[in-house]
Structure formats: structure tokens, C-alpha cells
Amino acid sequence: MLLAAADPLAFNWLPFFTTIVVFGIVFFVLATVVWPKISKGLDERNQKILHEIESAEAARAAASAKQKEFEQKLTEALEQSSRMIREAKAEASRLGDEIRAKNEAELVERARRAGEEIETARRLAVSELEAHAAALAVGIAGKILQRELKPADQQRIVEESLAGMSAKR
Amino acid sequence: MSFQLATTLLASEADPVSHLVDKQLGDSPVMLSMVTMVVCAALVCYLLARAARAISTGPVSMGNKRYLPATKFGATIEVMILYLRDQMLTPVMGERLAKKYDGFLLSLFFFILMLNIVGLIPFIEVQEFIYFLRGLPFSMAEHQTNAIFGGAATASISVTAGLAIVTFVVVQVQGLRELGVKGWLEHLCGGADIVHGSVFLWLIVPIIFVVEFVGLFVKPAALAIRLFANMVAGHTLLLTLTMFGTMALKAGLGMFAVSSITVVSGVGAVLITFLEVFVALLQAFIFMFLSSVFISLMAHEEHADGHAEGAPAH
């Protein structure tokens with residue numbers, strides 16, 4: 001049972017003008033209330049993103065500069081430490097040489113002094129030995145001569161003996 | 001009672017087009033599409049205002065999160081706006097024109113989209129069913145309805161013509177402001193090259209003038225008819241599919257056959273509804289996009305189609 005076919009192309013002025021008016025109102029409301037707010041929000045977000053990107057790039061540049069500076073300082077520090085080690089080694093070598101030379105000089109001096117002391121001691125021992133030998137000789141001679149020698153004779157005999165001994169040597 | 005309802009619906013759904021056409025609200029001259037349009041206008045303003053509130057920057061206390069959309073709905077609208085503005089309007093119109101007309105074009109897009117989407121929701125059928133349950137006369141197949149809201153407003157040529165005439169006015173005002181009366185007339189004659197060129201070119205100026213002059217009205221007419229035809233076609237297909245069950249019942253088929261046909265046509269109708277959602281979005285986009293193209297054709301600005309700065313568009 002088909003009813004009378006409706007014409008979808010039938011034009012009606014009332015909806016036509018209503019559409020214009022309603023869309024005009026919609027556009028007015030959206031243009032005054034909605035789009036400015038959305039545009040502002042999107043613009044602020046864009047600005048924020050751009051600002052963050054710029055800040056990140058600046059931070060990256062700063063970090064790169066700091067890294068270069070650090071690497072330069074590290075290189076300088078390595079060079080300085082190598083130089084200090086070299087200098088320390090040279091100083092140690094120099095000090096070692098000095099100490100060795102000083103010790104050698106001191107040893108020589110000590111040897112010299114020891115030699116002198118030995119010579120002095122030897123001379124003292126020899127003179128003591130000579131005196132003791134003289135006394136012995138005098139004693140022996142006195143016994144032989146069965147008389148006591150006076151100190152003056154004794155002295156004279158000693159000196160003669162010494163002179164004789166010196167001559168023999 | 002369900003059989004009574006089915007047969008009543010059968011009687012009413014005998015002609016899908018009569019169900020689809022715009023109807024008067026009772027005896028008043030007010031058409032259903034007008035009420036639907038007003039409701040859609042209020043809805044689009046309310047929803048976009050909410051989206052704007054969600055998209056706008058929040059208080060400082062929220063930290064960096066204040067720059068993010070506060071709701072998923074706001075984020076969805078924002079994605080749509082950014083895509084349309086930055087990927088569609090700006091490349092076609094240039095930054096200056098896009099900035100000037102993006103409000104108008106986006107308003108057009110969201111308004112048409114809302115009309116299309118609301119048209120897919122069976123508000124009229126629900127209201128008629130309620131009236132039926134209350135024992136009121138069923139009036140869907142006539143040129144009047146008991147429903148007070150619903151239907152596809154964009155399936156009315158009067159509505160799409162209204163939207164197209166708005167675009168026509170905006171395009172011509174843009175052309176006159178941008179080109180001046182002389183430039184606008186040169187545009188109708190095919191551009192300055194023809195006007196200032198060889199005298200032989202003047203032989204084709206009358207032909208070009210006629211073509212361009214007719215084109216002035218054909219462009220908005222094409223906009224109106226494209227939107228109207230797509231909506232009518234989609235809804236007619238949808239209504240036809242939903243009618244198969246009742247048609248089988250009317251033909252005196254058995255309950256198994258009627259049930260099978262109803263299930264198959266119902267599944268088909270659901271699938272077509274998804275397609276119609278896409279068509280609703282697509283047609284709103286096409287209307288807005290072609291409007292932006294028509295506006296940009298009336299500008300000095302250099303575009304992707306090679307219009308040079310300072311030369312009238314053609």
C-alpha cells in the first residue's frame with residue numbers, strides 16, 4: 001500500500017531562511033566565545049612548545065660548551081700532571097745525585113779522618129812503646145850493671161838508646 | 001500488540017522517501033528540520049564551548065599539564081581542528097586567508113556534522129513509538145508529524161541551500177573585498193591576461209563570462225545538492241533495509257522467513273549506519289573544504305594551484 005510519494009526536492013522558504021539565521025547565530029556564538037578561546041589555547045601551547053624547544057636547544061648548547069670546557073681542562077690537567085711527574089722525577093734524580101755525592105764526600109772525609117786518627121794512635125802507641133821499652137831497657141841495664149842509675153843517667157841512656165834506635169831504623 | 005505495532009510500522013514505512021522528507025509540526029508552518037536545526041545549533045555551541053574550556057590553558061597551579069586538553073572530548077575536538085586548520089585550510093587558502101576564515105569554515109563543518117550525525121539517530125521513530133503506545137494516531141508517512149524533534153535536516157534541500165547561500169555570500173564578499181569590482185569582473189572574464197591581452201582573446205571573453213557567471217551559482221548549488229543527495233541516498237538505503245522485514249511480513253511469508261530477512265537486513269542496516277557515520281563526517285568536510293577552495297579562488301594570494309600574487313584569481 002504505497003502512500004502518495006513525497007517530493008524530497010520540494011523547496012520551502014521557511015527552513016531556508018531559518019538555516020541562514022540559525023547558522024548566523026551559531027557562527028556569531030562560536031566566533032565570539034569558542035574560537036578565540038581555542039585559538040588562544042592552541043597559540044599558548046605552540047608558544048610553550050617553541051619556548052621549551054628553544055630552552056632545550058640552549059641547554060644542549062650550554063652542556064656542549066661545558067663538556068668542551070671540561071675536556072679541555074681534563075687535557076690540561078693530564079698535561080700538567082705529566083709535567084709534574086717529569087719534574088718530580090728530575091728533582092728526585094737530582095736530589096739522589098746530590099745525596100750520593102755528599103755521602104761519597106763524607107765517606108772520603110771520614111776515611112781521611114780515620115787515617116789521621118789511626119796515624120796519631122800509631123804514633124802514640126809507638127812513643128809509649130818506646131818509653132816502655134826504654135824503661136825496660138834501663139831496668140835490664142841496671143840489673144846488669146848492678147847499680148842504680150840516677151835519673152839523669154837514666155835519661156841520658158834513654159836518649160842515647162833512642163838515638164841509636166833511630167839511627168838503626 | 002507487537003504484531004499491531006509491526007503492521008502499523010509496515011503501513012508507515014511503505015515509502016522510505018516519504019518517511020525521509022521534511023514534515024510540518026502538526027498544523028503549524030514550522031518544519032521538523034527547523035527545530036532539529038535549532039537543537040543542533042544549541043548542541044554544537046554547548047559542546048564546542050565545553051571543548052574550548054578543555055583546550056584553553058589551565059591555571060598555573062596545574063604546572064605544565066595546564067597546556068594539555070583537560071578532557072578526552074576536548075582533545076578529540078582539538079585534533080580535528082588542528083587537522084582541518086593546519087593540514088587542509090592553510091595549504092589551500094594560505095596562512096592569511098586561513099586565519100581570516102577558519103572560524104567561519106570550522107563553524108560550517110561542525111554545524112553540518114552535528115546535523116548529519118543527529119539525522120542518523122532515530123529520534124522521530126522513538127517519539128512516534130511513544131505516541132503509538134499512548135494511543136495517538138500514527139502520522140509518519142504523511143507530511144505532518146507528531147514528533148517535535150529529529151530527522152536529517154541536511155536531507156532537506158531547503159536547509160542545504162540555506163547553507164550554500166551563506167557560503168555564496170561569503171565567497172562573493174571576499175571576492176569583491178579582495179579584488180575590487182574591477183578585479184571581480186576581470187575574474188568573471190577569465191582574468192587580467194585576457195582583459196589586457198590580444199584583441200583576439202576578446203572573442204572568447206563572452207563565452208568565459210557566461211561560463212564564469214553561471215559558475216558563480218553552480219558552485220553553491222553543487223554544494224547544496226551534493227550534501228542533500230548524499231544524505232537522502234544514505235538514509236533511503238538505510239530505511240529500505242529496515243523495511244525488508246515488514247515487507248516480508250506483508251507479503252505473507254512464514255515467521256522463519258520473516259525473521260531471517262529481518263536479521264539479515266538488520267545487520268545490513270547496522271553496517272550501513274557505520275558507513276553513514278563516515279559519510280556524515282565526509283560530507284561535512286567536503287562542504288567546508290570546497291567552501292575554502294571557492295574563497296581562496298577569490299584571492300590574490302599565491303596558492304598551491306599556482307595563482308600568483310597580485311593577479312586576480314580565475
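Readers should treat all values here as calculations from the given coordinates under stated rules, not as data from a laboratory. In this text the structure is predicted, and so the values were computed from the model without any measurement. As a convention, Cβ positions derive from the backbone with ideal geometry for all residues, glycine included, and neighbour counts pool all protein chains shown.
Results, tabulated for the structure shown:
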| read-out | value |
| --- | --- |
| Greater than 32 Å apart at Cα, pairs in B:72/B:99; B:23/B:100; A:40/B:219 | B:23/B:100; A:40/B:219 |
| Between 0 and 90°, nearest 10: helix B:255-297 axis offset from chain B longest Cα axis | 20 degrees |
| Exercise: per-residue mean of other protein chain Cβ atoms within 10 Å, A:41-52 | 4 |
| Sequence ranges B:219-226, B:145-152, ranked by mean other-Cβ count within 10 angstrom, highest first | B:145-152, B:219-226 |
| Largest to smallest principal axis extent of the C-alpha atoms in the protein assembly as shown, angstrom | 196, 78, 41 |
| Equivalent ellipsoid, chain B (semi-axes from 5 times Cα gyration tensor eigenvalues, Å) | 44, 27, 17 |
| Acute angle (nearest 10 degrees) that the helix B:123-133 long axis makes with the longest principal axis of chain B, alpha-carbon atoms | 20 degrees |
| Sorted largest first, extent of the range B:164-288 alpha carbons per principal axis (Å) | 78, 27, 17 |
| Degrees between helix A:151-168 axis and first principal axis of chain A (Cα, 0 to 90, nearest 10) | 70 degrees |
| For the range A:1-76 and the range B:31-74, distance of Cα centres in Å | 13 Å |
| Estimated distance in nm for a label pair at residue A:32 and residue B:46, the labels positioned 7 Å out from Cα along Cα-to-Cβ | 2.0 nm |
| Per principal axis, descending, Cα span of the range A:49-99 in whole Å | 72, 9, 5 |
| Long-range tail of P(r) for the range A:64-152 (Cα pairs > 16 Å, %) | 77 percent |
| Globularity index of chain A, i.e. its alpha-carbon radius of gyration over 2.2 N^0.38 Å | 4.12 |
| Separation of alpha-carbon centers, the range B:186-256 and the range A:90-136, rounded to whole Å | 132 Å |
| Anchor residue A:150: lysines whose Cα lies under 18 Å away (excluding residues fewer than 8 positions away in-chain) | none |
| Least to most buried among B:36, B:242, B:71 (fewest other Cβ within 10 Å first) | B:71, B:242, B:36 |
| Hits among aspartates and glutamates - C-alpha to C-alpha of residue A:37 under 16 Å, sequence gap 8 or more where chains match | B:78, B:102 |
